[in-house]
Amino acid sequence: MAAEDLPSEFDVVILGTGLAESVVAAACSRVGQRVLHLDRNSYYAANWASFTFNGLLTWIQQHHEESQPEEVQDWSSLLEEGEELIYLSYSDSTSISNLQQTADSEGVEPTADLPRPSAIQGQSEASRKKISYAQLVKEGRQFNIDLVSKLMFSRGSLVDLLIKSNVSRYAEFKNVTRILTYRHGNVEQVPCSRADVFASRQLSVVEKRKLMRFLTSCLEETEEQQGEMNIVFSLFLCDQQLGDNLEHFLLHSIAMVTEDTPTEVGLASTRHFLRCLGRYGNTPFLFPVYGLGEIPQCFCRMSAVFGGVYCLRHSVRCLLVDKDNRCKAVIDSRGQRISCSHFVVDSSFSLMNFVSSCLPPQVSMVTVPPIAAGFPVVMMVELCSSTMTCLPGTYLVHLTCQSVGSAFDDLSPVVTKMFHTPETDDQETRPSVLWCLYFNMADGLDVEVEGHNLPSNVYLCSGPDGHLGHDHAIRQAQLIFQKILPEEDFCPPAPNPEDVLYDGESLLPTGGGGGDNSGWGEKGEETKENPQTEE
Amino acid sequence: MHGRVKIKSTAQQEEEKRKEREKKLKIYIAARDACFSKRKEGICDDEALQLTQQLLSSNPDFATLWNYRREILMHLEAVKDKDEVQKIYEAELSFLESCLKVNPKSYGSWHHRGWVSARLPQPDWARELSLCDRCLSLDDRNFHCWDYRRMVVKMSGVPVDQELGFTDHLIGSNFSNYSSWHYRSTLLPLLHPESPEPLSPCRKTPQTSPPPSPQTHSHRVCEEQLLKEYELVQNAFFTDPNDQSAWFYYRWLLGRAEREEMISCVYVSRDEERVAVAFSRPVNAQSVGLLLVLDGQPQRVEWRSVHPRFKHSPVWICDLPPGTISDITNEHNLTVHWTEKHTHRDCALYTGRTESYCRDSATDQELFRSELSVEKTSVLQSELQSCNQLQELEPLNKWCLLTIILLMRALDPLGYEKETLAHFQTLKEVDSMRSAYYSDLCSKFMIENTILKMEYAEVRVFSISDKNLTTLCHLDQLLLVTHINLSSNQLQRLPPQFAMLQCLEVLEADNNNIENLEGLFCLSKLEEINLKNNNISTLADLQPLASCPKIKRLDLRGNPVTQMAKIEAELAELLPSVTDILL
């Protein structure tokens, strides 16, 4: 969309298409606000994005390049009486750091031809076939590699919001089929649902009873638990006389907390895990088909259906602030003045450490306790090709942890233990690594979104956080929405397309429930084609 | 607000929906009437097929239309060639699939599907089986689909182990599933039948015994498989002890023994020239081919049950022709044949004896134990141990307690009596809604124990006072009892079955809540009745006593009936034989 085409007045201008920003956009459009949603990247979802293999290589390349300082232009001609300019600067390159690909990624070496047995617990060896780096590149469109690895808690705020707002109609989801944990050098299944406990071969019947009883008792907050609040969760578990097996499962895989987490927090996250069980299958997690990058896009789509205007590769250079320290307008990257009542921006200002690493190979969630003192707890998500995130025959594995050192230092020991890499001995039983990328990303949780002395109608959205779920981003979006429109309902259910009346005066796209305005069309080209259409 | 998307108001939507519904209803009624008139005229054409399809796809529970459809299809079957019929029926199946999507539990659709599948010239059973798979994965408790699946399996000969694997799969995903457990219980005996055991030597001569009927062997599973099933079901009830389906299956696993069908007792009384016969289960003696042979001569006798209420009863009596056995100096040999079951029982009445009987005692038969199992004691013992283990973890779980009680009874009913009573007490507290059930069950077990004690002591006195009995049962086992003491219990009635105590002379039932004496019917030897402190309130309640000719003594002290005016005179008229009435 050409800059000249943009209307010069909006209610809300949003810069950045991360999850929180996209939810705010959808919520505002839905209640009739005129929304302009911009992203300086050529792709949606910012650090929440999913890339094809080739897209990811491009992304890596971009981050290796020096970011060019933007020329400061003089916009004073656009200033009105009593207004001041605040320039926006981007520090995206600092939110991603320590980018590192593994040696075999060049593909010319024979090591890149290593076979990849399917799941972690080596499934049929017969299905092994050689996949070369060249093939990865050639079939790259079959990958949808998330920058951040997250799962959706099936009773988490994201799922609730998707249902409530009817945004869920724009996406498909798969169940995570099993929860695994790394223990004594083996990967074991964690029995968490009733059916798992029943079927478990590694638990005795007495352990089964103890586990079920503990889990059932966790569902309610009892006085007995209250009495134990002053000790840490691992000691609390110890007091329950559950035995080593169960303590490990509960601490690392069900509560997913560390040894020194307070009991209160441990019980709360156990409860959350349990409440999510059984809503959609045997584990508490869902994963969006085609990758996590789909979710922000779904909200963008909802926003577009209700009149939101979308522009990629389009940014805001500066804000125009009046004497009362309110943002009256913005100047976009093409020098157009666009007035707005509210401005929401992705907080690519700040920078902290949070590690994510991508490794290309059932959908499994694996918890890996610290492999040695001083190492972090690692969450591993293994996606199979039916999630439309990787090539058939390969698995996509995400490892995430709170960083201690660089991503490579933190995660490569786990990778070496669990996978067959060129560095390890010939352990053919383990899955082989075809390609591997390490990087650190700033943790959105550490970003202070308040108190930057910002104009009162400018709101910051932090990037992805280190938690497994999406609650942080959704909470943030809701808070921002409430500040913008304190009287309005947050994402009320969208009506069925046939109940929407389109009249001539409306700015809305006509027919088919929308999604075809120019901003949207651009997006359609980029993401909707990439899955599985390639030979 | 400007720019807001306009949405139809609820009233608008409602109105539109209402109109839509009216329109649909009109079409529906017109089509229905057209169908009915066509059927009346006996028209079986394609249009009728169309019309019924249209109606049934919106309402698949319209049984009359399915019938009409079947008439049409049968007509088409007669006039079309085989390939065409195949096509018609295949179309029918896919139509049915859409009906099942509308209502997956429609009786009509499933029945019709079964009908079509059976008539299809070349049925595709694999497809039908996968339909069942799909349906049951959506709702594993859809019994219509289970029924249909059984039919498909039967018709297409699906291997039993494959079906067992299917139940494994369903139980694995959710074990709260009676249908799967039940299906398992029908498959296991086919797949792992118990190795035939040597016939018990005490009864049945090998020459005359018929080949084992499939019935008697169909419910047993070989021990190796049983142990695996115990493990599986234990996993279920340790995981969730509150789930009943696993416990019920467990009980099935433990309690598969069936009592042998036989004549358990023959009693003959010289004075009354009467024979009483007890069977192992209630029968209708008039229709089971009962034959009485006295000294080699078949007798024409009238069999009657002990109470006119019973068409089926475990005890039957008959009067011998007058004078046949009345001479005390004669010896007689009596045989009762149960021709239907190829079994019989002899009884000799020796010179100088006024009565005689021949029977298997409850102790010989391990009668009450076999109710649970004939399994090896060691297996039951280890099952009891794991249940006790669970009970330690879940002391208030009713299913566990009840199962422990049953296991204890199977192992040693008398030895565990004290523990059993304690567990019953806990059960009544934790499951107070069913306390009456537990009281009745406990009464039953106490009666069984008392019968065992009586028979070990080889007496004909049955005494069970002060045991909180709420009900009476196993009365067929008390055919020979002459003296019964039921004092200080919580009985409310002497039920019609009480009339099976054909030898009873003295009844002690003081301190109960008895208000009904129906069972004191035609007890020809009954002389003394003690009913102190009960709840008999009207003269009519005492009416049954008039049928007992020998009553001499009746104690009714502490009953409301004694407050009636002129009660003594009324009683004297009602019961002329009584010489000693206490009011």
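Assorted remarks:
- Picking from residues in the stretch B:1-19 that are within 12 Å of chain A (Cβ to nearest Cβ) and not in a loop (DSSP other than H, G, I, E, B), the one that is modelled with the lowest pLDDT is B:LYS6.
- Sole exception among (1) more than 14 Å from every other protein chain (Cβ to nearest Cβ); (2) at pLDDT 90 or above; (3) within 28 Å of the chain's Cα centre (by Cα) for A:ASN166, by number: (1)
- Candidates B:ASP61, B:ASP83 - the one that is more than 14 Å from every other protein chain (Cβ to nearest Cβ) and outside any helix (DSSP H, G or I): B:ASP61
- Looking across the stretch B:20-58, the residues that are over 46 Å from the mean Cα position of the chain (by Cα), farther than 25 Å from B:LYS105 by Cβ and either among the basic types (Lys, Arg) or within 14 Å of another protein chain (Cβ to nearest Cβ) (or both) come down to B:GLU20, B:LYS23, B:LYS26, B:LYS38.
- Answer residue from the stretch A:26-40, given it is away from every other protein chain (no Cβ under 14 Å) and in contact with a strand residue (DSSP E or B) (Cβ under 7 Å, 6 or more places away or on another chain) and is surrounded by the most Cβ atoms within 10 Å (Cβ to Cβ) among those: A:HIS37
Conditions (1) surrounded by fewer than 20 Cβ atoms within 10 Å (Cβ to Cβ); (2) outside the structural domain of B:VAL85 (by the TED database), marked per residue:
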{"site": "B:HIS112", "(1), (2)": "no, no"}
{"site": "B:SER117", "(1), (2)": "no, no"}
{"site": "B:GLU128", "(1), (2)": "no, yes"}
{"site": "B:ARG141", "(1), (2)": "yes, yes"}
{"site": "B:VAL158", "(1), (2)": "yes, yes"}
{"site": "B:GLN162", "(1), (2)": "yes, yes"}
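- Residues that are at pLDDT below 90, out of contact with any Gly (no Cβ under 7 Å at 6 or more places or on another chain) and surrounded by 21 or more Cβ atoms within 10 Å (Cβ to Cβ) do not occur anywhere in the stretch A:121-134.
- Scanning the stretch B:231-252 for residues that are surrounded by fewer than 18 Cβ atoms within 10 Å (Cβ to Cβ) and at the interface with chain A (Cβ under 9 Å from one of its Cβ atoms) yields a single hit, B:GLU231.
- Pairs with Cβ under 6 Å, 6+ apart, first in the stretch B:403-428 and under 26 Å from B:ASP243 (Cβ atoms), second polar (S, T, N, Q) and not in a helix (DSSP H, G or I): B:ALA410/B:SER373
- Flag if B:LEU136 is in a helix (DSSP H, G or I) and either over 26 Å from B:SER58 (Cβ atoms) or within 14 Å of chain A (Cβ to nearest Cβ) (or both): no
- A:LEU507 vs. criteria within 22 Å of A:SER29 (Cβ to Cβ), aliphatic (A, V, I, L, M), at pLDDT below 70 and over 25 Å from the mean Cα position of the chain (by Cα): yes
- For the condition at pLDDT below 95 and β-branched (Val, Ile, Thr), B:VAL561 qualifies.
- Failed item, numbered, when B:TYR267 is tested on (1) modelled with pLDDT of 90 or more; (2) within 20 Å of the chain's Cα centre (by Cα); (3) more than 14 Å from chain A (Cβ to nearest Cβ): (2)
- Within the stretch B:166-186, being within 14 Å of chain A (Cβ to nearest Cβ) and part of a helix (DSSP H, G or I) holds for B:THR167, B:ASP168, B:HIS169, B:LEU170, B:ILE171, B:GLY172, B:SER173, B:SER180, B:TRP181.
- Scanning the stretch B:442-459 for residues that are surrounded by fewer than 17 Cβ atoms within 10 Å (Cβ to Cβ) and under 21 Å from B:LEU526 (Cβ atoms) yields one hit, B:VAL459.
- B:VAL506 fulfils the conditions (1) within 25 Å of B:VAL561 (Cβ to Cβ); (2) at pLDDT below 95 except for a single criterion, (2).
- Here A:VAL265 fulfils each of the conditions (1) assigned to a helix (DSSP H, G or I); (2) aliphatic (A, V, I, L, M); (3) modelled with pLDDT of 90 or more apart from (3).
- The stretch A:170-210, residues that are within 30 Å of A:MET302 (Cβ to Cβ) and within 14 Å of chain B (Cβ to nearest Cβ): A:ASN175, A:THR177
- Residues of the stretch B:480-506 that turn out to be closer than 16 Å to B:LEU531 by Cβ and of a type in the set (A, V, I, L, M, F, W, C), as a count: 8
- Check on B:LEU452, hydrophobic (A, V, I, L, M, F, W, C), in a helix (DSSP H, G or I) and touching a helix residue (DSSP H, G or I) at 6+ places or on another chain (Cβ under 9 Å): yes
- Residue in the stretch A:58-80 that is polar (S, T, N, Q), at pLDDT 80 or above and in a loop (DSSP other than H, G, I, E, B) present: no
- Test: residue in the stretch B:257-264 that is part of a strand (DSSP E or B) and out of contact with any Pro (no Cβ under 9 Å at 6 or more places or on another chain): yes
The values are calculated or read from the model by the stated rules, or taken from the named source; none is laboratory data. Note that this is a predicted model, so its numbers are computed, not measured. A quick note on method: Cβ atoms are made from the backbone with ideal geometry, for glycine too, and the neighbour counts reach across all protein chains shown.
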